[in-house]
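All of the numbers you see were taken from the coordinates with simple rules; none came from a lab. In this text, all values refer to a predicted model and were calculated from it rather than measured experimentally. FYI the Cβ positions are ideal-geometry reconstructions off the backbone, even for glycines, and counts take in every protein chain you see.
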Ligand SMILES: *Cc1c(COP(=O)(O)O)cnc(C)c1O
């Protein structure tokens with residue numbers, strides 16, 4: 001008789017789950033209640049406030065070796081983290097192109113984290129959710145069935161992926177495999193045409209793709225900050241004559257500084273004629289296809305070869321969700337896919353199915369960010385988002401009307417969307433001190449916790465830039481903000497005129 005060798009008992013075992021699920025549940029419910037209260041009372045707090053030194057110091061402590069428990073770390077979160085937010089849940093956050101997120105986006109983030117789905121690939125429902133969001137996006141932009149796409153962390157990554165596809169496909173047209181031979185096999189310098197209003201992420205993508213900024217032809221935008229199509233045609237002709245390789249045009253649907261909308265149809269026309277790739281950076285306004293008053297101004301987007309856009313901007317989805325679509329799905333796959341043995345596909349089982357997002361970008365492990373988009377769209381319906389976009393534009397027009405009516409202010413650019421650039425004037429101040437005044441006004445209303453505008457430069461002068469990319473903003477918020485700017489400007493102009501300019 002053979003005897004089974006005894007397996008010795010192992011060491012004590014543990015996991016990250018709570019010892020007492022019921023006690024844990026109570027804490028978790030309290031956290032959820034706190035967060036709902038926090039969102040419901042967003043308007044009642046200062047928009048932003050500085051972080052005191054003693055709070056900052058809490059972030060220099062070493063990694064704890066022993067755990068303090070959930071209650072303790074949650075308390076710390078409330079005291080030191082949640083109390084000092086960027087402020088973008090507040091109705092008077094007008095900075096950058098930030099949105100406030102939504103309560104349902106928050107819940108979806110929790111549900112997705114609970115499932116802990118890795119959306120790199122394989123057969124599970126989270127991937128079908130993302131595939132559906134991609135399908136909805138294709139339909140929104142009039143893209144064909146064979147188009148493909150993938151959600152990204154934002155517009156920057158989406159631009160990188162779109163431009164990588166452009167580089168791959170255009171090199172292929174010259175008989176060069178970028179993946180195998182690299183850029184140096186090209187018979188000339190590739191050229192990517194952008195405007196002076198193109199977002200900085202496009203340049204960063206061009207740099208990261210090894211193209212070098214000498215490949216980036218920056219054409220001055222027209223008076224309304226739109227892509228100058230005549231200048232584009234001239235630049236392409238000159239480049240061809242010089243032996244360069246025109247590859248790609250980057251048009252922008254909603255520029256970051258002013259919200260200008262490039263003439264996409266005219267750009268598509270040039271690209272079709274010249275056999276160039278049209279990449280549309282629609283980070284801000286591509287989703288404004290849902291807004292009846294904006295949609296006609298996006299005509300031509302359906303002709304793009306690739307579109308980058310953000311869901312965390314004008315679809316108000318909680319951070320961070322962007323997307324890139326490529327018209328010819330096979331091109332996106334050819335640019336990125338690589339299947340090692342440990343990711344081998346099967347006809348059946350978990351590794352089956354044709355939804356493998358890792359084939360379409362540089363990421364393998366991926367967050368289940370699609371659930372936020374999917375739940376928000378199903379909860380509210382796409383018409384609601386169209387109305388919110390219109391509402392934001394109307395509030396921007398209201399702010400512009402305030403500025404126009406004020407004798408000591410001026411608008412610095414047209415405001416086709418929800419971005420308004422203006423400045424305060426004072427007859428006692430020269431050009432340099434007028435810039436100081438406007439930058440100081442922005443900091444003052446931020447520090448007083450009233451609103452968060454930002455600064456930028458428009459036509460060579462410092463502007464107060466307001467982007468109302470915020471579903472919580474009401475007319476009253478615009479009025480409160482405007483009054484605060486006027487009050488700050490008066491006080492600060494007196495100080496500057498008296499020779500006491502503030503430190504900026
Ligand atoms: C915001 C923005 C980007 C970058 O998007 P992220 O989501 O911040 O990475 C790119 N292009 C434009 C026009 C933008 O406004």
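Quick notes
- Selection count, segment 136-165, where residues are part of a helix (DSSP H, G or I) and touching a helix residue (DSSP H, G or I) at 6+ places or on another chain (Cβ under 9 Å): 14
- Residues located in segment 19-31, provided they are free of Cβ contacts under 8 Å to residues at least 24 places away in the same chain and either touching a helix residue (DSSP H, G or I) at 6+ places or on another chain (Cβ under 7 Å) or loosely packed, with under 13 Cβ neighbours inside 10 Å (or both): 19, 20, 21, 22, 23, 25, 26, 29, 30
- Wholly enclosed strands (runs of 3 or more DSSP E) of segment 375-475 bearing at least 3 residues touching a residue at least 12 places away in the same chain (Cβ under 8 Å) and over 19 Å from the mean Cα position of the chain (by Cα): 419-424, 461-467
- Failed item, numbered, when residue 224 is tested on (1) surrounded by fewer than 20 Cβ atoms within 10 Å (Cβ to Cβ); (2) in a strand (DSSP E or B); (3) touching a residue at least 60 places away in the same chain (Cβ under 8 Å): (2)
- Filtering segment 271-296 to residues that are assigned to a helix (DSSP H, G or I) and either surrounded by 20 or more Cβ atoms within 10 Å (Cβ to Cβ) or within 15 Å of the ligand (Cβ to nearest atom) (or both) leaves 271, 286, 287, 288, 289, 290.
- Subset of segment 160-177 (residues that are farther than 26 Å from residue 117 by Cβ and within 16 Å of the ligand (Cβ to nearest atom)): 163, 166
- Taken as a whole, the condition of being more than 16 Å from the ligand (Cβ to nearest atom) and assigned to a helix (DSSP H, G or I) does not apply to residue 122.
- Cross-chain or 6+ apart pairs with Cβ under 9 Å, segment 146-174 first and within 14 Å of residue 276 (Cβ to Cβ), then near the ligand (Cβ under 8 Å from one of its atoms) and assigned to a helix (DSSP H, G or I): 163/202
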